[in-house]
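Asks: This is the structure I have questions about; it appears just below.
The values are calculated or read from the model by the stated rules, or taken from the named source; none is laboratory data. Computed from a prediction, not measured in an experiment: that's the story for all the values here. Cβ: placed from backbone, ideal geometry, glycine included. Neighbour counts: every protein chain shown. In case anyone asks, the SASA skips ligands and DNA or RNA and just uses the protein heavy atoms, side chains included. Shrake-Rupley method; radii C 1.70, N 1.55, O 1.52, S 1.80 Å.
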Amino acid sequence: MYWLIKQALFQLNPERSHHLALAAINICYQLGLTSLLKKIPPTPCTVMGLNFPNRVGLAAGMDKNGDYIDALVALGFGFIEIGTVTPRPQTGNPRPRLFRLVNQAAIINRMGFNGKGIDYVLTRLAKMRYRGILGINIGKNRDTPNERAVDDYLAGMRAFWRYASYLTINVSSPNTSGLRDLQHIEQLTALLTALKAEQTRLQQVENKYVPLVVKIAPDLSTTELDDIANVLLTQKIDGVIATNTTIKRDGVMDSPYANEAGGLSGKPLDALNTRVIQQLHAHLQKKIPIIASGGVMDTTSAREKINAGAQLVQLYTGLIYNGPSLISDISSC
Ligand SMILES: Cc1cc2nc3c(=O)[nH]c(=O)nc-3n(C[C@H](O)[C@H](O)[C@H](O)COP(=O)(O)O)c2cc1C
């Protein structure tokens, strides 16, 4: 069934088919048709003090503004991550900015945090029915200099505290100039020190603890990754998402889109992503849970991430190429 839908969607421009697919899922949900999908038997797990009905989540970027949370949950996800949300609305990069590399089961995107901003997302969250695990991924506006980036993340934390099960600090998108520099040790330490202090303050004021999760790039050197792992441990960060998209082009040079700027996701990211998880796991020694995001395309790749040390996995490109049955396949693997 999904194979047929995919044939039709892949005829269209990728960004258009993205919106069409989400609108179609939403209509199916409104009509009660998603309840006809095969029920996913619960495989509960507790991570970061949160109880997940299964360990398969939706990665950030598909539902940037929280418009489709209830419909996406109905596909069977154990958790949903929305965003990246920036404080103010912004249009992102000029189109085209999304490319399908079909023979490689991959995507290149340079969306550039196109989104409607905090105020809009809050209106969506107020209407949401879902009461399960919701991650909210926060970032900085394109025109906020790195020296003031902390203010944007603080704005996201304060705005979303009451709705978020966990908050993801995105310092790894390749499509916002300079963003990944926030992963440099001095900048990361300064940023996370401020955000942890705010976490403590908000916990007291709101009487609710919200775990902070840092999402990292796959393109770090071994030394950089070890240094980041040390900062995460020192700062007592609650979780780490490994990884965002890669700026490398290994395995896709045959594609006509190989030289498009942006982050590469999907199958070509799989092995690199697993290596990052292995190294992180060796360093963190289970003190900080790892959430895998990158190249989870089937049960084999999901199993490899879990064997490498991940406790949860997230899907994006795998969902596009292989459809929602992937969620139940992986949740029981
Ligand atoms: C079109 C697109 C948009 C994305 N937008 C975001 C985003 O806004 N924030 C973020 O943290 N990651 C974003 N990502 C990265 C995904 O969350 C995920 O980390 C990455 O695609 C690797 O996983 P995959 O190989 O399963 O796709 C985006 C990915 C794609 C393909």
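Asks: Looking at the range 68-75, is at least one residue farther than 26 Å from residue 255 by Cβ, assigned to a loop (DSSP other than H, G, I, E, B) and under 18 Å from the mean Cα position of the chain (by Cα)?
Replies: yes
Asks: Sort out which residues of the range 146-174 are assigned to a loop (DSSP other than H, G, I, E, B) and closer than 26 Å to residue 125 by Cα, and write them in order of number.
Replies: 161, 162, 163, 164, 165, 171, 172, 173
Asks: How about the range 197-225: which of its residues are in a helix (DSSP H, G or I) and either open to solvent by 30 Å² or more (accessible area, probe 1.4 Å) or free of Cβ contacts under 8 Å to residues at least 24 places away in the same chain (or both)?
Replies: Matches in the range 197-225: 197, 200, 201, 203, 204, 205, 206, 222, 223, 224.
Asks: Also, quick follow-up: Determine, yes or no, whether residue 34 is more than 16 Å from the ligand (Cβ to nearest atom) and not in a helix (DSSP H, G or I).
Replies: No, not satisfied.
Asks: Looking at the range 159-184 only, could you name the residues that are closer than 17 Å to residue 66 by Cβ and open to solvent by 10 Å² or more (accessible area, probe 1.4 Å)?
Replies: Matches in the range 159-184: 159, 162, 163, 165.
Asks: Determine if the range 134-145 includes at least one residue that is within 23 Å of residue 63 (Cβ to Cβ), part of a helix (DSSP H, G or I) and open to solvent by less than 30 Å² (accessible area, probe 1.4 Å).
Replies: So far as the range 134-145 goes, no, none of its residues is within 23 Å of residue 63 (Cβ to Cβ), part of a helix (DSSP H, G or I) and open to solvent by less than 30 Å² (accessible area, probe 1.4 Å).
Asks: Residues to consider are 132, 61, 112; find the one that is closer than 28 Å to residue 208 by Cβ, within 16 Å of the ligand (Cβ to nearest atom), in contact (Cβ under 8 Å) with a residue 12 or more places away in the chain and not aromatic (Phe, Trp, Tyr).
Replies: None of the other options fit; the residue is 61.
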